[in-house]
Amino acid sequence: MSNGTPELLSVRNLVVAYETSGHVKSRLTAVQDVSLDIAPAGIFALVGESGSGKTSLARAILQLIPSASGQVIFCGKSLPEMNKTQLREARRDIQAIFQDPLSSLSPRRTILQTLTEPLDHFRIGTGKERIDIAAGALETVGLDNSMMQRFPHELSGGQRQRAALARALVSKPKLIVADEPVSSLDASIQARVVELILNLRDKQGIAFLFVSHDLSVVRQLADTVAVMYLGRLVETAPARELFSNPAHPYTRSLLRAVPIADPLHPAPVVLDGEPPSALTPPTGCVFHMRCPDRIERCSSVEPGQVNISGKEGRQENHRVRCHLWNS
Amino acid sequence: MNPRRYRLAGIWLTLAAALTLASCDERQESRAQRADFSIYRHSMDGAPSSLDPAQASHLYANFLAVNLYDTLYRYKYLARPYQLAPNLADDLPRVSADGLIYTIRIKPGVYFIDDPAFPDGKGRAVRAADFVYSLKRQFDPDTKAQGTWLWQGRIVGLDEWKENGSDYDEDVPGLKALDDRTVQIQLISPFPQLTHTLAQGFSAIVPREAVDFYGPEFAIHPVGSGPYKLQLFNSASAVLVRNTGFRKEPFSLEAEGFTPESQSRFGLEPLEGRMPPFTDRIEIEFIAEDAARWNAFIAGELDFIKVPVSQFDQVLASREPPTLTPALAAKYYLGANLESGFVHTDFNMDDQRIGYHPDPDQDARNKALRCAITKAFDWPKRNEIFYYGIGQVFPGIIPPAAAEFQKDQDASAVTRDLDGARDLLSKFGWNAGNLPILEYGFPSHVTERQMFEQFRSFMSDIGYPEDKIRSLTYATYGDYARAFLNREVMLATTGWTMDYPDAQNTVQLFFGPNSSPGSNSANYDNEEFNRLYRASSTMQPSPMRTAMYRNMNRIVIDDCATISGISRTLILLWDRDLAMLPDRSFVGGFFFRFVDSGKAGPAAAEDSGREATQ
Amino acid sequence: MAYLLRKSLHGLLLILGVTLISFVLMVWFGPDQTYSLIGKNATAEQIEDVRHALGYDQPFITRYADYLIELFTLNLGASNSSGEPVNRILARTIPVSLALMIPGFVLGNLLGIALGLLAAHRRGQWSDRVISGLSVGGMSISFLIIIIVFQVLLSTPYGLNLFP
Amino acid sequence: MSAGSRIWERLRKDRTGLTGLAIVGIFLALAIGVWLGFFGQGWSAADGGRWEPMSPEFWFGTNLLGQDIFQRSIFSVRTAFEIGLIVAVVSTSLGALLGALAGWYSHTWVDGTILWVKGVLDSIPFYLFVAAVAYALQGKPWAMHVAMIATFWTTTSRLVRGEVMKIKSREFILSARAIGLPDFVILLRHVLPNTLHILLVQASIAFVAAIKTEVILSFLGLGVQDGVSWGLMLAESTQEVLAGHFNNFLAASVMLFMLLMGFNMLADALQDAFDPRRSAE
């Protein structure tokens, strides 16, 4: 944004809202005024409790759900404004993997069929070459060629997530949006997938948008971390700084809740009270009701985003939404 | 396992139980119903939907119409062949020398039954004007009458009356009540069959008050002057009770044409001098299902039945002449009546694939094809399979029930001749490749379908490819009628029930101007035939007229316009406790008033109870 | 309120659909009474008269509208043939058919559920197998066959001859 | 081991299911035999006398017309399969397609319209509707098929709709959408194959229902118009049994019963084999 390097993906003031279906129609704002930047080969982690809008943001970036306003710019071009052909091209460069590896592979298709589907769709290579590319991708994620003719239910959980990753790799993307990719895996397998992701970034220069509720995993791999609360990015900062010197009260409480000594069993976030419903967001700062440091203004005025780089020794690119930093 | 299954299984079990219980109930009820009066329980295989005489187009309706209402004429109860007799009229009509003016006097002192339709609820006297009204009513489009055709183009001024909007206050010159008791009918041209038409249910006399009072519901509120009154009517049964105000006319064996040699065995003699109607109550059960009707009869719940063909095997001990098995003969009288009508399969002459063709060569080829089909038809087998071999096959269109029927005529038109048929086909260049597709229409019922399949197998014997004989099926008779009346069917089988015993009634089936939607469903149109028909239609019965009819018959046979025909033999059974003789079908129900039922009072109920437990 | 409105709109649409289909199938393409109401030897003019009297010459919309009006005013008209108001025919016949149907339906369902429960309770035992077998067998028998069998059993000399 | 072979493994252990499969197989072989002209070709010839008893010439005797009951009942196997297969395949496909559309576009006007049509059809009593459709299209050889297909699809579509709504939110659908596959490709390639277990069971139920309905419709004169079927044979037999001739009735009803029984056993076994509660075992 300001460091001069061209960003791979820039999100500006993105708003995602749903019309809820049901007896009473109402509008749910899942993502409110979100801006973020992902650099080439960067790993951008998005953390937050469930229901905070992480998944909506990820899906809006993937153009799986429409955004109400704001911009998603990929390689300098706005994704929502693209026509079909352009979008199709762009999709080669943005791939996705999801949380449940069993559910993310089509159950009645072999691994090979799943792997070659994007190649068929993007018309990459000939039939023979596609199989080679698929085999290469399997090798990259550390799976044996013999897996190709298997069905997803014949694989173990870790193997499945590797296969899903392999599928995301075949079209040689620039960005992979990974929505909670490791949260359903055993810790030992988690570690190996994390290692794999780091490897891919290093060797193939793939950037990741890594969505997770698990700070301990994020700590292991992210370059930049953004903390989401009720649709808003309350704090965005380089990973090291965020973990060592959090600025937002919410981030602080999150970090306090993680027993760092035992990353194998991350405890749930402990905060007073329930997060408010996104259907009826509170006035003022959305966090004010649970905030230990709230001041009077918090309940009436919603804070804007401020760059606190340099304040109290903060590094570059540290932004926060909090009245405490606004003075 | 699917839980729905168990539910279904349960429903079956209960239904089965309910069925058993229901049938038990029914029997007890019918036994309990017997009371202290004489009763006759008739059965029919179909039900009328209306009791309005204007709708009496079939036997079922006619039966009720002539018993609830009066017609001017009827047929003598016992005379065979049938003879007309005065009914409400006091004598046969006086006819002017030119045959155009009929003068009819009606009996005095005849009253309609009491009914709220009349001013004080008391039935009034039947007047000549009522007849005039009733006949006009046949021409009123609002009546949707079905007997109009009998008088259409016959009576001076009647058709014009309809054109002018059917105003009942407007007089019709040819249809007048000269006074309360005298009717005068003036015809456009002689119509010797007029008196016959006045013996039909259609011509029954209805009071205007009742028609106006009940509106559309007149159809189920009959108000007549006939021998019976209606007590109950629905789609399952009708109950008639004696009209106590019916005119008193003692029964005379002689006047009804009693023939002791053939009729003494029916025990009718004791009726002499008694006043009809002889039975207090007539229950008519409408049971369309052959099996159900037969079972009810055998169970003693009915006194009369027209035996379904499927039961002939069990009922008859011999075929020529039909006789009953000893067990049945002990309980029932047998009447083996040849129906007054016939069944025939017509080619649609209007269809260029099989009928007339503008090109004379093709016309000749089509005729050859029709004749070949006619020759290939196996009448004895048709008779054997569907009519138990006791129907009567005859050539042409004058059935045995007509007085003009010729017994010793050339039967080659109904004799199977496969070689002749094949020769004819090859002579006219027909072969399996160029034979047209025959579309044979029928209402989609089992028997009609089997007749079609049999027809197809007859035709395959002369090399007609099976896949070229196709069925056109219709869900109801009404749909079928619509199809052949719209000339959409190449081959249509129909039955004709005569309205009166004069061959004029059947030869008109092939009169050109009667083409569809008229009764000439063959759409046959032959100049010579039409000329003969016109000439004969105004003639009184005479050997000359008979000769003309037979000539017309020959013309139709030679043109191979129809595969015809067979008259069915009806096997009628009735209880030996009854003194009665059922009518031929065209007479339609006049015999009810002469039925004497020995079944009366509680004693009869005990009898039948004993029977049932035996 | 809006919810109620939407629900009733749904109901209305459903009723419209059902009446439309029943009209098209049973009236528009349904039995043509004309040819059972004309007599022998009818002329084209008489056929037209009957068609007119029955309203068959009216356009689709008119006939459908009439049909809807008749339905909603519960004025089912008079039977074409007998002239008896259809209302009265229904009033006369429906209680009978209901009286016949309801006990059978209720009993059948109760019995079915009881059998099902029994089978489930004794899963794997012989009674489960017998009931399952019976019901699979029952499913495989056409109603038609049952009717014919009953006819034979109850009323011919070949059966039990319960009602001679 | 593929899903198919897993089902097969379960089916193989189910004795009832295997018996059903065997019965259906035998009937299928008969139907194909008739199709190829090996037997049953003389079903319409009226060569015999009326109601002839069983004999070496006429194995099951003859009917009223003198037609060979054995050949007629064998030929009817083909009729039954024709009707059953056509109705089962078309109605299940239609139900799958409409159910998939309704599920995929759930809570949109597409879904609303399909649900409305389904609701309307389900509100009309089955036999009344089928008979009325067959009547309205009378004379047309496919009237009966249309009538049955028009009603049978609704159950399938309801089940498929529910299943599709479940599948729709699964992540492999998201991955397919993420690479920009068009909706119909996703429906055909990823959604419908996962409803296969429903379709198979529904098709077997539709097959049985079609044959049973054919019998009733043919009996009423609204079914098979040209040819022969067990329904027509039963219709013929109602007259015959009263006269004491049972061959037609027995031949048709035993064959009908056997085929339906076989199919019901098979359908039951399939349902059990596909039962998701059993996939845990």
- Message: With the condition being over 30 Å from A:Asp186 (Cα atoms) and within 11 Å of chain D (Cβ to nearest Cβ), I'd like the helices (runs of 4 or more DSSP H) fully within segment A:56-175 carrying at least 3 qualifying residues.
- Response: A:84-93, A:111-122
- Listed residues B:Asp346, B:Asp313; which is in contact (Cβ under 8 Å) with a residue 40 or more places away in the chain, of a type in the set (Asp, Glu) and in a strand (DSSP E or B)? B:Asp346
- Task: Could you check C:Thr19 against (1) open to solvent by 70 Å² or more (accessible area, probe 1.4 Å); (2) at pLDDT 85 or above and say which number it fails?
- Result: (1)
- Please report, ordered by residue number, the helices (runs of 4 or more DSSP H) entirely within segment D:71-187 with at least 1 residues that are acidic (Asp, Glu). D:109-123, D:143-168, D:171-178, D:183-186
- Note on the structure: Among (1) within 13 Å of chain B (Cβ to nearest Cβ); (2) modelled with pLDDT of 80 or more; (3) open to solvent by less than 20 Å² (accessible area, probe 1.4 Å), D:Ile205 falls short only on (3)
- Message: If B:Leu316 meets every condition in (1) in contact with a helix residue (DSSP H, G or I) (Cβ under 8 Å, 6 or more places away or on another chain); (2) outside the structural domain of B:Tyr480 (by TED's automatic domain parsing) apart from one, which number is that one?
- Response: (1)
- Item | Single match in B:Gly601, B:Gly609 (criterion: modelled with pLDDT under 90, more than 30 Å from B:Thr374 (Cβ to Cβ) and in contact with a helix residue (DSSP H, G or I) (Cβ under 8 Å, 6 or more places away or on another chain)) | B:Gly609
- Task: Could you tell me whether any residue of segment B:570-580 is under 24 Å from B:Leu230 (Cβ atoms) and part of a loop (DSSP other than H, G, I, E, B)?
- Result: yes
- Task: Considering only residues that are assigned to a strand (DSSP E or B) and within 8 Å of chain D (Cβ to nearest Cβ), look in segment B:437-485 and name the one that is surrounded by the most Cβ atoms within 10 Å (Cβ to Cβ).
- Result: B:Thr473
- Query: Looking at this structure, is B:Arg382 open to solvent by less than 50 Å² (accessible area, probe 1.4 Å), closer than 26 Å to B:Asn553 by Cβ, in a helix (DSSP H, G or I) and not aliphatic (A, V, I, L, M)?
  - Reply: yes
- Query: For segment D:91-110, what are the residues that are within 11 Å of D:Ser157 (Cα to Cα) and touching a Leu at 6+ places or on another chain (Cβ under 9 Å)?
  - Reply: D:Thr92, D:Ser93, D:Gly95, D:Ala96, D:Leu97, D:Gly99, D:Ala100, D:Leu101, D:Ala102
- Note on the structure: Filtering segment B:174-202 down to residues that are open to solvent by 30 Å² or more (accessible area, probe 1.4 Å) and assigned to a loop (DSSP other than H, G, I, E, B) yields B:Asp180, B:Arg181, B:Ile188, B:Ser189, B:Pro190
- Task: For segment B:490-506, name all the residues that are of a type in the set (Val, Ile, Thr) and more than 13 Å from chain C (Cβ to nearest Cβ).
- Result: B:Thr493
- Message: I'm trying to understand the selection: among the residues of segment B:142-173, which are part of a loop (DSSP other than H, G, I, E, B) and buried (at least 21 other Cβ atoms within 10 Å of the Cβ)?
- Response: B:Lys144, B:Ala145, B:Gln146, B:Gly147, B:Trp151
- Message: Please pick out the residue among B:Tyr500, B:Tyr533, B:Tyr524 that is under 24 Å from B:Phe405 (Cβ atoms) and in a helix (DSSP H, G or I).
- Response: B:Tyr533
- Candidates A:Ser171, A:Ser184, A:Ser216 - the one that is open to solvent by 10 Å² or more (accessible area, probe 1.4 Å), among the hydroxyl-bearing types (Ser, Thr, Tyr) and under 23 Å from D:Ser175 (Cα atoms): A:Ser184
- Message: All but one of (1) farther than 26 Å from D:Ile124 by Cα; (2) in a helix (DSSP H, G or I); (3) open to solvent by less than 60 Å² (accessible area, probe 1.4 Å); (4) at pLDDT below 85 hold for C:Ile47; state the number of the condition that does not hold.
- Response: (4)
- Please find, among B:Ile298, B:Ile305, B:Ile284, the residue that is within 10 Å of another protein chain (Cβ to nearest Cβ) and crowded, with 20+ Cβ neighbours inside 10 Å. B:Ile298
- Would a scan of segment B:350-373 turn up a residue that is under 30 Å from B:Pro321 (Cα atoms) and in contact (Cβ under 8 Å) with a residue 60 or more places away in the chain? no
- Flag if D:Leu200 is surrounded by fewer than 22 Cβ atoms within 10 Å (Cβ to Cβ) and either within 16 Å of the chain's Cα centre (by Cα) or within 10 Å of chain B (Cβ to nearest Cβ) (or both): yes
- Working only within segment B:385-399, note down all residues that are within 20 Å of B:Asn520 (Cα to Cα) and either β-branched (Val, Ile, Thr) or surrounded by fewer than 16 Cβ atoms within 10 Å (Cβ to Cβ) (or both). B:Ile397, B:Ile398
- Query: Somewhere in segment D:140-147, is a residue at pLDDT 90 or above and more than 14 Å from chain C (Cβ to nearest Cβ)?
  - Reply: yes
- Query: Out of all the residues in segment C:51-71, which are assigned to a helix (DSSP H, G or I), under 17 Å from C:Val24 (Cα atoms) and free of Cβ contacts under 8 Å to residues at least 12 places away in the same chain?
  - Reply: C:Ile61, C:Thr62, C:Ala65, C:Asp66, C:Ile69, C:Glu70
- Query: Within segment D:110-163, how many residues turn out to be open to solvent by 30 Å² or more (accessible area, probe 1.4 Å) and of a type in the set (Asp, Glu)?
  - Reply: 2
- Note on the structure: So, first residue over 14 Å from B:Met275 (Cα atoms) in segment B:572-596, second residue of a type in the set (Ser, Thr, Tyr) and in a loop (DSSP other than H, G, I, E, B), Cβ within less than 6 Å, six or more apart or across chains; the pairs are B:Arg584/B:Ser340; B:Ser585/B:Ser340; B:Phe586/B:Ser340
- Could you say whether any residue in segment B:533-555 is under 23 Å from B:Gly441 (Cα atoms) and either surrounded by 18 or more Cβ atoms within 10 Å (Cβ to Cβ) or among the hydrophobic types (A, V, I, L, M, F, W, C) (or both)? no
- Give me the pairs: first residue in segment D:164-179 and more than 7 Å from every other protein chain (Cβ to nearest Cβ), second residue modelled with pLDDT under 90 and open to solvent by 10 Å² or more (accessible area, probe 1.4 Å), beta-carbon distance under 7 Å, and six or more apart or on different chains, which are they? D:Met165/D:Ser106; D:Ile167/D:Asn194
- D:Ala100 meets each of (1) within 14 Å of chain C (Cβ to nearest Cβ); (2) open to solvent by less than 20 Å² (accessible area, probe 1.4 Å); (3) not hydroxyl-bearing (Ser, Thr, Tyr) with one exception, condition (1)
- Query: Has segment B:121-129 got at least one residue that is part of a helix (DSSP H, G or I) and surrounded by fewer than 19 Cβ atoms within 10 Å (Cβ to Cβ)?
  - Reply: yes
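The values are calculated or read from the model by the stated rules, or taken from the named source; none is laboratory data. Note that the structure is predicted; figures quoted are calculated from it, not measured. Note that each Cβ is placed from the backbone with ideal geometry, even for glycine, and that neighbours are counted across all protein chains shown. Protein only, heavy atoms only, side chains kept; ligands, DNA and RNA dropped before computing areas. Shrake-Rupley method; radii C 1.70, N 1.55, O 1.52, S 1.80 Å.
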